[in-house]
Amino acid sequence: MRLSKAWTVASKDFKTFTKKKGILYSSLYFELVVSIGLPFLVLYISGKPNAVAALPQLLNAFSFLFVIGAALLPVSIASYSLVGEKVQKSLEPLLATPTTDEEILAGKSIAAFLPAICSSFIGALVFTILIDLFTYSPLKYLYFPNWDFAIILFLLAPLVCILAVGFNVLVSSRVNDVRTAQQIGYLIILPFGAVYFLTELKVLTQTTNNLLIMAAVVAVIDGIVFYLVRATFQREEILTKWK
Amino acid sequence: MNMIEVQGLTKKFGDFTAVDGLTFQVAEGEVFGLLGPNGAGKTTTVRMLCCLISRTAGDAHIAGYDLANPADSLKIRKLIGLVPDNIGLYEELSAYENLDYYGKLYECTPDERKTRIEYFLKMMELWEKRDLPISDFSKGMKQKVGIARALIHDPRLLFFDEPTANLDPESARSIREFILQLKKEGKTIFFNTHNLDEAQRVCDRIGILKTRLLAVNTPQQLEKNVWGSRTVIQVEEVSEPVLEAVRRLDPVSLSVEENKINIGINDPTRQNPDFVQAIVAAGGRIQYVTQLNPGLEETYLKIIQ
Ligand SMILES: Nc1ncnc2c1ncn2[C@@H]1O[C@H](COP(=O)(O)OP(=O)(O)O)[C@@H](O)[C@H]1O
Ligand SMILES: [Mg+2]
């Protein structure tokens with residue numbers, strides 16, 4: 001596989017996204033709410049009496065939202081990137097070029113993964129700075145950085161992002177319009193949302209160990225999804241079975 | 001050397017045979033037309049030859065490269081250009097961006113991309129509109145951009161899959177003229193169509209396809225093979241002595257329609273004068289002597305029925 005070819009494919013998608021403002025905005029909303037909205041909510045809460053004791057647990061829970069973000073952010077791009085080609089019937093001329101199926105798949109995956117993970121990181125940076133700024137005086141220590149958040153951001157989030165991209169490729173091969181692809185694609189958030197709520201309900205606890213176990217589970221599922229994606233993303237399949 | 005060599009090429013979708021045992025060759029520099037009704041297997045054939053779908057059976061070579069050899073697949077795709085039936089441009093990108101993207105995919109240098117995009121867009125009279133998104137283009141304009149896209153890497157072999165279908169007559173004409181110009185430049189062209197008139201105007205040879213290849217030849221030869229040569233002699237009045245005189249010369253076939261005598265003749269240029277003389281001698285007053293041209297349409301319908 002030639003990475004330069006994959007990059008050519010990805011770059012074309014980047015160019016498209018700069019023209020499709022809706023795709024950009026959808027990822028911006030999440031960042032605004034989580035990275036800026038939540039710290040201000042924390043600021044408001046920490047002013048209340050007796051709130052300080054509950055702060056660490058609250059921040060811990062909010063940190064997990066970046067896992068959900070990693071599942072959410074690639075969806076709009078990934079679904080547009082493939083179903084968009086399908087709707088415009090551009091896959092046939094694309095596959096006719098001297099580009100291998102792997103290179104196209106890699107390009108499409110990069111196009112969805114890179115912006116999602118980058119905006120996750122930028123959002124996380126803003127989030128940690130604001131939280132530290134707002135909570136240093138009540139807590140008397142810097143909450144971030146910490147190991148759990150590092151695991152969330154640098155291990156769990158990329159793995160979840162890969163899962164979301166792969167899942168969306170599979171969905172894209174079965175549906176015919178971008179909206180449906182997105183609606184089904186967003187289902188990938190559900191398991192992580194469930195983990196979030198079970199943690200809130202104290203059924204699960206968010207410990208370093210549990211985060212690592214979760215990362216291992218997601219990595220295994222990533223492997224299975226990758227296998228399925230490879231089987232689905234083959235020119236013969238794309239041209240004769242993708243409906 | 002033959003640009004395309006196909007032997008027993010077959011494609012099945014499950015139990016359904018879409019293309020059955022095609023055998024033909026296309027010489028370098030030739031315009032070869034595949035003519036057939038909807039569902040005949042034209043698109044399937046082109047897709048197999050462009051390494052887009054696999055074949056179920058048979059052999060095919062493009063410019064000497066083996067279609068069955070995965071290692072040759074990229075080389076084959078690099079030397080061909082495809083204008084698919086659905087042109088499939090990126091609507092939100094401009095004409096220039098669409099072509100530039102394909103230039104990169106076809107591994108052209110930045111200089112080649114720049115000069116060729118300018119050359120083709122100017123030739124197609126779209127240079128002024130190069131930065132508009134494709135969604136603003138008419139169908140005919142999109143088709144032209146699609147053709148420029150297939151030419152961006154200066155391929156030796158071009159596949160056109162029904163390039164003028166659903167176009168207005170003027171756009172269709174300019175596309176045909178463009179194809180003829182490509183032929184002058186020495187490109188080999190494989191041309192799918194269900195338009196007979198177009199096939200006749202553009203193609204050197206025509207293959208008539210309906211799942212199987214029913215006939216391959218030049219348009220003129222196809223007509224001749226199906227109908228033989230016919231001479232129509234129109235007389236003032238068809239009388240029995242005139243017919244008798246014609247019969248005596250032992251024509252291949254003979255029929256009469258009003259005042260026209262329709263005669264099948266093996267070698268018209270040598271035998272026509274004898275028939276004329278015989279009719280005159282029998283008292284027939286000849287008004288016209290013409291060659292019967294059933295046309296490709298009649299020929300085609302007769303072949304595929
Ligand atoms: N992916 C496919 N699966 C099943 N049948 C197909 C598929 N693609 C084409 N066919 C069938 O193969 C036949 C030939 O199709 P096609 O090559 O598109 O014909 P043409 O281009 O001459 O109109 C048709 O009957 C069509 O329904
Ligand atoms: Mg077709």
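What follows is calculated from the coordinates using simple rules that are stated; it is not laboratory data. Just so it is clear, the model here is predicted, and its values are computed rather than measured. Counting neighbours? That spans all protein chains shown, and the Cβs are built from the backbone with ideal geometry, glycine included.
Percent of C-alpha pairs per 5 Å bin in segment B:229-293, short distances first: 4, 20, 37, 28, 10, 1. When the alpha carbon gyration tensor of segment A:3-241 is reduced to an equivalent ellipsoid, its three semi-axes come out at 37, 18, 14 angstrom, largest first. When Cβ neighbours within 10 Å are restricted to other protein chains, what is their mean count per residue of peptide A:18-29? Per residue, the average neighbour count from other chains is 1.
Just to check, using Stokes-Einstein with a Kirkwood Rh over alpha carbon pairs, what's the diffusion coefficient of segment B:167-305 at 37 °C and 0.692 mPa s in µm²/s? Present the calculation step by step, with values, prior to reporting the outcome.
Details: Rh = 17.5 Å.
For these conditions, the coefficient is 187 µm²/s.
Averaging Cα coordinates gives a centre for segment A:83-110 and one for segment A:160-216; these two points are 25 Å apart. Mean per-residue shielding of peptide B:98-104 is 4, counting Cβ atoms of other chains within 10 Å of each Cβ. Taking only the C-alpha atoms of segment A:87-222, Rg followed by Dmax gives 18.8, 62 Å.
Ignoring solvent entirely, what values of log10 I(q)/I(0) come out of the Debye formula for segment B:163-235 at 0.22 Å⁻¹ when each Cα is a single scatterer? For the requested q values the scattering log ratios are -1.04. Between 0 and 90 degrees, the angle of helix A:55-87 with respect to the longest Cα principal axis of chain A falls at about 10 degrees. Mean partner shielding of peptide A:95-106, defined as the number of other chain Cβ atoms within 10 Å of each residue Cβ, is 5. Altogether, the Stokes-Einstein calculation at 20 °C and 1.002 mPa s, with the Kirkwood radius of segment A:189-243 over Cα pairs as Rh, returns a diffusion coefficient of 157 µm²/s. The H on the amide N of B:LEU292, modeled in the peptide plane, is under 5 Å from the matching H of B:ARG230, B:THR231, B:VAL232, each at least 5 residues off or on a different chain.
With the simple spin-label model, which puts each label point 7 Å out from Cα in the Cβ direction, the B:ARG173 to B:LEU132 separation comes to 2.2 nm. A convex hull fitted to the Cα coordinates of the protein assembly as shown yields 185 cubic angstrom per residue.
Per the Debye formula on identical point scatterers at the alpha carbon atoms of segment B:1-68, with no solvent, log10 I(q)/I(0) at q = 0.20 Å⁻¹ is -0.79. Full extension of the segment from A:VAL52 to A:ALA219, taken as 0.36 nm per residue of separation minus the current Cα-Cα distance, would add 56.5 nm.
Two decimals, Cα atoms only, Kirkwood Rh: what is Rg/Rh over segment A:1-72? Provide the component values of the computation, followed by the final result.
Numbers: Rg = 18.6 Å, Rh = 15.2 Å.
Radius of gyration relative to Kirkwood radius: 1.23.
A crude spin-label estimate for the pair A:ARG2 and A:LYS140, with each label 7 Å from Cα along the Cβ direction, gives 6.3 nm. May I ask you to compute the full-extension gain from B:THR290 to B:ASN225, defined as 0.36 nm times their residue separation minus their alpha-carbon distance, rounded to one decimal in nm? Answer, rounded to one decimal: 21.5 nm. Say we join alpha carbon atoms closer than 10 Å with springs in a Gaussian network model of chain B; which of B:THR188, B:THR290, B:THR45 then has the biggest fluctuation? Checking each option, the largest mean-square fluctuation is seen for B:THR290.
Can you give the extra length, in nm with one decimal, that the chain gains between B:ARG270 and B:THR17 once fully stretched, where that is 0.36 nm per residue apart less the Cα-Cα distance?
Values: separation 253, 0.36 × 253 = 91.08 nm, distance 4.70 nm.
Here the answer is 86.4 nm.
Every Cα-Cα pair of segment B:37-126 was included, and the share exceeding 19 Å stands at 54 percent. For segment B:2-217, a Kirkwood hydrodynamic radius built from all Cα pairs, placed in the Stokes-Einstein relation at 25 °C and 0.890 mPa s, yields a translational diffusion coefficient of 139 µm²/s.
Each Cα pair under 8 Å and six or more residues apart adds its separation to the average, and for chain A the resulting relative contact order is 30 percent. Packing, taken as the mean count of other beta carbons within 10 Å per residue, orders the peptides A:122-132, B:177-187 from highest to lowest as A:122-132, B:177-187.
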